[in-house]
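The values are calculated or read from the model by the stated rules, or taken from the named source; none is laboratory data. Because the structure is a prediction, the values reported are computed rather than measured. Here the Cβ positions follow ideal geometry from the backbone for every residue, glycine too, while neighbour counts run over all protein chains shown. In case anyone asks, the SASA skips ligands and DNA or RNA and just uses the protein heavy atoms, side chains included. Shrake-Rupley method; radii C 1.70, N 1.55, O 1.52, S 1.80 Å.
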Number of protein chains: 2
Amino acid sequence: MTGQVVSAELLAVVVAMVDGRPSVLTLGAPPRLPSGPLLPSHLSLQAATRAWVEEQTGRRLGYLEQLYTFADLDRDGGGSGRPISVSYLGLTTPGHPGIGGWRDWYALLPWEDTRTDTTLLDDHIAPGLRRWVESDPAARGERRRRVDTTFGLAGLAWQPELVLQRYELLYESGLVPESPAPWRRPDDELVPGERMAGDHRRVLATGLARLRAKITYRPVVFELMPTSFTLRQLQDCVEALAGRDVHTQNFRRLIEQQDLVEETGDVHAGTGGRPARLYRFRRQVLQERHVAGTKLPTTRAR
Amino acid sequence: MTGQVVSAELLAVVVAMVDGRPSVLTLGAPPRLPSGPLLPSHLSLQAATRAWVEEQTGRRLGYLEQLYTFADLDRDGGGSGRPISVSYLGLTTPGHPGIGGWRDWYALLPWEDTRTDTTLLDDHIAPGLRRWVESDPAARGERRRRVDTTFGLAGLAWQPELVLQRYELLYESGLVPESPAPWRRPDDELVPGERMAGDHRRVLATGLARLRAKITYRPVVFELMPTSFTLRQLQDCVEALAGRDVHTQNFRRLIEQQDLVEETGDVHAGTGGRPARLYRFRRQVLQERHVAGTKLPTTRAR
DNA sequence: CGCCCTTATGCTACATCTGAGCAAAAGGCG
DNA sequence: CGCCTTTTGCTCAGATGTAGCATAAGGGCG
């Protein structure tokens, strides 16, 4: 009973806000996440991830947390051997460009931005999923329920953090190009959105899901902000990550009453309105107590 | 640039409530977690974990979620090769005993139960940590801050879910027997608590941390309950997991108003008080909406 | 310059949630 | 029966969250 010889690979979802849009660091075409094998010289998985990102993109990471470990036989291109993929989520600021490029993550997972319009969901995704629901009479009830809850259809609420479940459902129902061949649809039935190498879109979805969940209970947004920022910029960042809008005044109050930030004394003018005060993150709060992060003052009506 | 040959190992923290105490499934002595290598026949990491637990303990798991992946060079006995350990958290009910035994997890991590008394913390741990703080003048301030926040000393609040941070701090400060030799203390200075094979206590701490966090935002406690139970039994279970007490009436209100349970119609008598109604988990809520789990109606005074 | 548009900020009304405690219901038992 | 225990119902005040009104303070333009 000896174990299989496997290779371990690190994958990094490195996120930054670029021109107000959440973006992910990718290399090449089709875009792939920075990655590399675990080497004997690496002290830990996290250290290995840092090393590979730095080598491939010239970028030194600050915040980095483990996401998930994948080793499914049926995913990831089906090459030889069996790679174990350990994925990490890194948060940074755009800074100098380095190698590789920032890619708007809503270009990769367009259905996840529900702020502007829902025509994509209504015109492409919902009909495609309905076809899939109906295509198996035996599993219809179960499938319909699953579709409705994951995509917030049939009057149910859209749950921002179900990113991975939504991607997996699209994969399973054959609506993305990387879905297994047997269930492939003609091109015009596929859901828009740029595909990535291997199963990297799945890893990206895992990262987005984690990030959306985490900003609601830990102050991680600040890892994505410049040292000095206005509350509006912070709100824009949160909204872009969550893919939904929040109530401005209450958001301000929430941030202020938690002592998450302090004024720098400067103001930022030139936006065509009243100049905004500039703030910086009070990094000490991370030590002072268990701070509740950026809760989203939800708007009742979706 | 070729990857290191590694072996992947699955580790399972399988939890159940046994005689009202949270317990973990272990094998042999010193106790170790069920584990086994990833084999070519396994379709996924999760499937491999299920297979190994079933083979080694005769127990088929229901709820199973991935915990964390470790591959630190300096931990885990330092054997040959480099094992990647992928750990999982399983929740089940004691049922038939099977192979292996249930071990009270507070016998393994005794300082985590703050319900009864805090003499262990006050008499053993705090003094030991203080010695460690003082032993390095350069790092004293930093160490003191870290000790105070992780163990809720110096007037700070005890944070139940910092289980792993507390274990790591004890490990680092040489207060547990598995700490690296250079910092070893004489036996009478070590913190009580049964050690486990390899770094399994670390994995256990990771599992406990995850479980404590998760019961506050997802209804996972019910995976540990029998099909029919009283609200008091449910409360006892939550309290045992969290290692702290909750307010009975408010706990009931919380459970009921979320429609997490429904009455079976039966009652449970014989406890020397008013007979309690029996309830069952409404498993449908998992589909109906994003249910907020068992929030802990915290008592203000610690 | 004065008006209007925009964005930023302050504040209030109201609903809901939470923490805390009183008290009654309903068995067991001497 | 009276007293113990445990379960259950209910109230109440303070905290927190949601929603919206109102004012402050810049830029642009006639």
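Rounded to the nearest 100 Å², what is the sum over both chains of accessible area buried where B meets A, with a probe of 1.4 Å?
Values: alone 15090 and 15080 Å², together 27160 Å².
Accessible area lost upon association: around 3000 Å².
Can you list residues from other chains, or at least 5 along the same chain, whose modelled amide H is less than 5 Å from the amide H of A:Thr264?
It is A:Leu278, A:Tyr279, A:Arg280, by chain and number.
Can you tell me what share of the DSSP beta bridges in the protein assembly as shown is antiparallel? A percent to the nearest 5 is fine. It would help to have the intermediate numbers written out before the result.
Numbers: 52 of 70 bridges.
Antiparallel bridges: around 75 percent, rounded to the nearest 5.
Once the label point is placed 7 Å from Cα along Cβ, list for A:Arg282 the distances to the corresponding points in the other copies, in nm, shortest first.
4.2
Determine which chain B residue has its Cβ at minimum distance from the rotation axis mapping B onto A, giving the value in whole Å.
Taking the axis that maps B onto A, the answer comes out as B:Thr69, 2.
Taking square-rooted eigenvalues a ≥ b ≥ c of the alpha carbon gyration tensor, is segment B:110-192 rounded, prolate or oblate, where a/c under 1.5 means rounded and, failing that, a/b exceeding b/c means prolate? Don't skip to the answer; put the middle values down first.
Working: a/c = 1.67, a/b = 1.18, b/c = 1.41.
It is oblate, given that a/c is not under 1.5 and a/b is not larger than b/c.
Rounded to the nearest 20 debye, what is the charge dipole size of chain A about its Cα centre when +1 sits on each Lys and Arg Cβ and -1 on each Asp and Glu Cβ? All intermediate terms of the calculation are to be shown ahead of the outcome.
Numbers: 39 positive and 37 negative charges, 143 e Å.
The dipole magnitude comes to about 680 debye.
Dividing the alpha-carbon radius of gyration of segment A:159-228 by 2.2 N^0.38 Å (N being the number of residues), what value is obtained? Could you put the intermediate results ahead of the total?
Numbers: Rg = 15.2 Å, N = 70, 2.2 N^0.38 = 11.1 Å.
Taking the Cα Rg and dividing by 2.2 N^0.38 Å, one obtains 1.38.
What is the log10 of I(q)/I(0) for segment A:7-105, computed with the Debye formula using one identical point scatterer on each Cα and no solvent, at q = 0.10, 0.11, 0.15 Å⁻¹?
-0.26, -0.32, -0.59
Quick query: amide H of B:Met196 versus all other amide H atoms, modeled in the peptide plane; which residues come in under 5 Å with a sequence gap of 5 or more or a different chain?
Correct list: B:Arg201.
Given a 1.4 Å probe and every protein chain left where it sits, what share in percent of the accessible area of chain A is carbon and sulfur? Walk me through the numbers before you get to the answer.
Working: 6840 of 13580 Å².
Accessible surface attributable to carbon and sulfur in chain A totals 50 percent.
So the label point sits 7 Å from Cα along the Cα-to-Cβ vector; using that for B:Leu27, what distances do you get to the other copies, in nanometres, sorted shortest first?
3.9
Which values of log₁₀ I(q)/I(0), to two decimal places, follow from the Debye formula for chain A at q = 0.07, 0.08, 0.10, 0.14 Å⁻¹ with a uniform point scatterer at every Cα?
Evaluating at q = 0.07, 0.08, 0.10, 0.14 Å⁻¹ gives log10 I(q)/I(0) of -0.31, -0.40, -0.62, -1.14.
If you wrap the protein assembly as shown's Cα atoms in a convex hull and average its projection over all directions, what's the area in nm²?
One quarter of the hull surface, i.e. the mean projection, equals 30.9 nm².
Output ³J(HN,Hα) for segment A:203-214: one whole-Hz value per residue in order, computed from phi by the Karplus curve 6.51 cos²θ - 1.76 cosθ + 1.60 with θ = phi - 60°, and x for Gly and Pro.
5, 4, 4, 4, x, 4, 4, 4, 5, 4, 5, 5
Between segment B:207-281 and segment A:124-151, what is the C-alpha centre distance in whole Å?
34
What's the whole-number percent of alpha carbon pairs in segment A:219-288 lying beyond 19 angstrom?
On the way: 753 of 2415 pairs.
The proportion of pairs with Cα distances above 19 Å equals 31 percent.
Measuring label to label, 7 Å along Cα→Cβ, what does B:Thr227 give against each other copy in nm, shortest first?
6.4
In a Gaussian network model over chain A where Cα atoms closer than 10 Å are linked, find which of A:Val220, A:Val13, A:Val238 has the largest mean-square fluctuation.
Judging by the Gaussian network model, the answer is A:Val220.
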